[in-house]
Amino acid sequence: MKVKGRAHKVGDNIDTDAIIPARYLVTTDARELGSKCMEGLEPGWVRGVSQNDVLVAGENFGCGSSREHAPLAILGAGIPVVVAKSYARIFYRNGFNMGLVLLEVGEAADRLGQGDELEIDTDKGLIRDLTTGESVECRPVPGFMREILDAGGLVGYAAKRLVQT
Amino acid sequence: MPHTLAEKIIAARSGERIDGPGQIVRCPVSLVLANDITAPLAIKSFRAMGAKQVFDRDRVALVCDHFTPNKDIASAEQVKVVREFARDMGLTHYYEGGDAGVEHALLPELGLVGPGEVVVGADSHTCTYGGLGAFATGMGSTDIAFAMALGETWFKVPATLRVDISGRLEPFVGAKDLILEVIGRIGVAGALYKALEFGGPVVDRMPVEGRMTMANMAIEAGAKVGLFAADDKTLAYCREAGRLGDMPLAPDPAAVYEQRMELDAGGMGPRVACPHLPENVRPVEDLAGTKIDQVVIGSCTNGRISDLRQAAALLKGRKVDKDVRLIVLPATPGVWRQALAEGLLAVFMDAGAVVGPPTCGPCLGGHMGILAGGERALATTNRNFKGRMGSLESEVYLAGPAVAAASAVAGEIIHPANLA
């Protein structure tokens, strides 16, 4: 997948209550959840986001609850890729399961600036910052997760398995 | 090779040879659970997968506990989806209304979880069952839909951080203070992707309810599971809950730990986590005098009978400060009934508390105790993220039941020993 969009930076330990506060969990609709994305961090945050923009985060992104509404809200806001120093583990599974691509880049996330124009090739694991000319390489997606992504997410993967049984 | 608790359970349940952390294994599950917030999404994924039936109708538990009793029309619609699914699938373990409680207090009480089992739940505090020696972990709804349909999941075998706790505990210091101290030392990502394994003389002496309080907050350090060995106390608890045939479980003496931590808790006082992260832990004395507007005693962390007994011991014959709302939510109908029989509810009401139904309610800012801007709460719950209990301008401090009860009386954060 290739994505081109602007970087929206957030800090370390961004929790799921920041990504989508519990009071909005009365729906499972991605677009509706997306309209409240990051409402727990900064009300109205999502108004600055355009389709295909990229979220750039610090350490332990997505910590807290297991709510799948968190990756759904990010996808619903029009963000297809998150680049972070590291992820909380439940969020990491959830992201892939919902089809949100998560790239883990460690400290290199600091080299990407707020509002920079990014061009990302998720297959090659390459992030180019078109504003500064910087390039960041990232860890390839682990083998097992690729199987799930290849099936179009966990729903597709399970559907295949259920047909076999 | 010798195994940690996590490795031992995964090896036994998956039937695979476990050579150490990092290995990815497919593993059958003993129980799958979800709640009124996460089940609707899981059901949606379950149907999209083309699944027609759950893998075992006795081993999928759905508990409506977060926004129940239904707080508004939208949450009532969600519960309806869960109820109808439970009915369609013929699930044995569906809980709503008078038999529902906070899931992680309820399921152990009903004997649905036990040592050596693998439990996955669409709720991050599923790790609570590690207190009974179960490899139990939270996942998202789609992972849970997969497990509901196929009865299995996959894990990456976690590295283990072993925590040994020694020393003689001071009065008013309990499981909550110990887990807050651990999180304060290692941070909210201190055990990211790892298993926390607790042991040592303090843990050996600790009642099972305390172990569940500690395991419950393993996730607040980023851990996948928080594990305790299953000993005589565990087996007695499980028998009491109606289970048969549970076996003791311990890590191998030569197990390989990625990291070790020794905590000498002797002389340590109560601990409080300050806004807005569970790692901002300080001795209660440092915060003495901090004014509070609300105290919540309850949740999957500290809503069990032993917690209510501690709180009642301090509230007996005293009054809650006139500027504080004290909300007590016994975590399950069983705890509620027991507290009633022991006269604890009368103690709470005489002190001026609101005694509510079993619900997660205020812990996640759902209902039954939402904070206004500028308000400050002290709660026995597990998270104090910004806005967790209401307004983004509100604050939540976390503590054990003794500090919570004493502070409700004082109107400010106080060491229980200093209560007049």
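Numerical summary
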item	result
Matching residues, the stretch B:355-407, being more than 17 Å from B:M214 (Cβ to Cβ), within 14 Å of chain A (Cβ to nearest Cβ), among the hydroxyl-bearing types (S, T, Y) and crowded, with 24+ Cβ neighbours inside 10 Å	B:T359
Checking A:V82 against (1) modelled with pLDDT of 95 or more; (2) farther than 10 Å from A:I19 by Cβ; (3) over 9 Å from the mean Cα position of the chain (by Cα), the condition it does not meet	(3)
Residues of the stretch B:5-44 that turn out to be under 16 Å from B:E197 (Cβ atoms) and basic (K, R), as a count	1
Residues of the stretch A:5-41 satisfying the condition of being more than 9 Å from chain B (Cβ to nearest Cβ), of a type in the set (D, E, K, R) and within 16 Å of A:Q114 (Cα to Cα)	A:R6, A:K9
Hey, B:Y95 in contact with a Leu (Cβ under 7 Å, 6 or more places away or on another chain) and assigned by TED's automatic domain parsing to the domain that holds B:L196 or not	yes
Options B:G222, B:G167, B:G190; residue that is open to solvent by 10 Å² or more (accessible area, probe 1.4 Å), within 20 Å of the chain's Cα centre (by Cα), assigned by TED's automatic domain parsing to the domain that holds B:D88 and not polar (S, T, N, Q)	B:G190
Residue in the stretch B:310-322 that is free of Cβ contacts under 8 Å to residues at least 60 places away in the same chain, touching a strand residue (DSSP E or B) at 6+ places or on another chain (Cβ under 9 Å) and over 18 Å from B:D65 (Cβ atoms) present	no
Selected residue [modelled with pLDDT under 95, in the same structural domain as B:F67 (by TED's automatic domain parsing), out of contact with any helix residue (DSSP H, G or I) (no Cβ under 6 Å at 6 or more places or on another chain) and not in a loop (DSSP other than H, G, I, E, B)] from B:R26, B:R13	B:R26
For B:I292: the one exception among (1) of a type in the set (V, I, T); (2) open to solvent by 10 Å² or more (accessible area, probe 1.4 Å); (3) more than 21 Å from the chain's Cα centre (by Cα)	(2)
Qualifying residues in the stretch B:262-282 (those that are over 22 Å from the mean Cα position of the chain (by Cα) and open to solvent by 30 Å² or more (accessible area, probe 1.4 Å)) - the one nearest to A:G11 (Cα to Cα)	B:E262
Of the criteria (1) in contact with a helix residue (DSSP H, G or I) (Cβ under 7 Å, 6 or more places away or on another chain); (2) in a helix (DSSP H, G or I); (3) crowded, with 18+ Cβ neighbours inside 10 Å; (4) of a type outside the set (V, I, T), which one B:D65 fails	(2)
Answer from B:E240, B:E197 - the residue that is charged (D, E, K, R) and open to solvent by 20 Å² or more (accessible area, probe 1.4 Å)	B:E240
From the options A:D150, A:D110, residue that is open to solvent by 30 Å² or more (accessible area, probe 1.4 Å), under 18 Å from the mean Cα position of the chain (by Cα), at pLDDT below 95 and over 22 Å from A:Q51 (Cα atoms)	A:D150
Lone unmet requirement of (1) surrounded by 15 or more Cβ atoms within 10 Å (Cβ to Cβ); (2) facing another protein chain (nearest Cβ under 10 Å); (3) of a type in the set (A, V, I, L, M) for B:I73	(1)
Residue satisfying all of: in the stretch A:82-106; small (G, A, S) and not in a strand (DSSP E or B); nearest to B:A195 (Cα to Cα) among these	A:A88
Residue that is surrounded by 19 or more Cβ atoms within 10 Å (Cβ to Cβ), away from chain B (no Cβ under 14 Å), touching a strand residue (DSSP E or B) at 6+ places or on another chain (Cβ under 8 Å) and in a loop (DSSP other than H, G, I, E, B), where the choices are A:I127, A:I79, A:I120	A:I79
Hey, B:A147 of a type in the set (A, V, I, L, M), away from chain A (no Cβ under 14 Å), more than 14 Å from the chain's Cα centre (by Cα) and farther than 22 Å from B:M217 by Cβ or not	no
Residue in the stretch B:51-60 that is in a helix (DSSP H, G or I), without any contact (Cβ under 8 Å) to a residue 24 or more places away in the chain, more than 8 Å from chain A (Cβ to nearest Cβ) and open to solvent by 60 Å² or more (accessible area, probe 1.4 Å) present	no
Tally, over the stretch A:82-100, of residues that are farther than 21 Å from A:D12 by Cβ and away from every other protein chain (no Cβ under 14 Å)	0
In the stretch B:243-261, the residues that are surrounded by 13 or more Cβ atoms within 10 Å (Cβ to Cβ) and either out of contact with any Gly (no Cβ under 8 Å at 6 or more places or on another chain) or in a loop (DSSP other than H, G, I, E, B) (or both)	B:R243, B:D246, B:P248, B:A250, B:P251, B:D252, B:A255, B:V256, B:Y257, B:E258, B:Q259, B:M261
Positions within the stretch A:122-137 being within 10 Å of A:L112 (Cα to Cα) and β-branched (V, I, T), in sequence order	A:I127, A:T131, A:T132, A:V136
Selected residue (criterion: surrounded by the fewest Cβ atoms within 10 Å (Cβ to Cβ)) from residues of the stretch A:43-71 that are assigned to a loop (DSSP other than H, G, I, E, B) and within 9 Å of chain B (Cβ to nearest Cβ)	A:P43
Any helices (runs of 4 or more DSSP H) falling wholly within the stretch B:279-357 and containing at least 3 residues that are closer than 17 Å to B:I414 by Cβ	B:305-315
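The values are calculated or read from the model by the stated rules, or taken from the named source; none is laboratory data. All figures in this text were calculated on a predicted structure; none of them were measured in a lab. All Cβ positions, even for glycine, are placed from backbone atoms using ideal geometry, and neighbour counts span all protein chains on display. Accessible surface areas use protein heavy atoms only, side chains included; no ligands, DNA or RNA. Shrake-Rupley method; radii C 1.70, N 1.55, O 1.52, S 1.80 Å.
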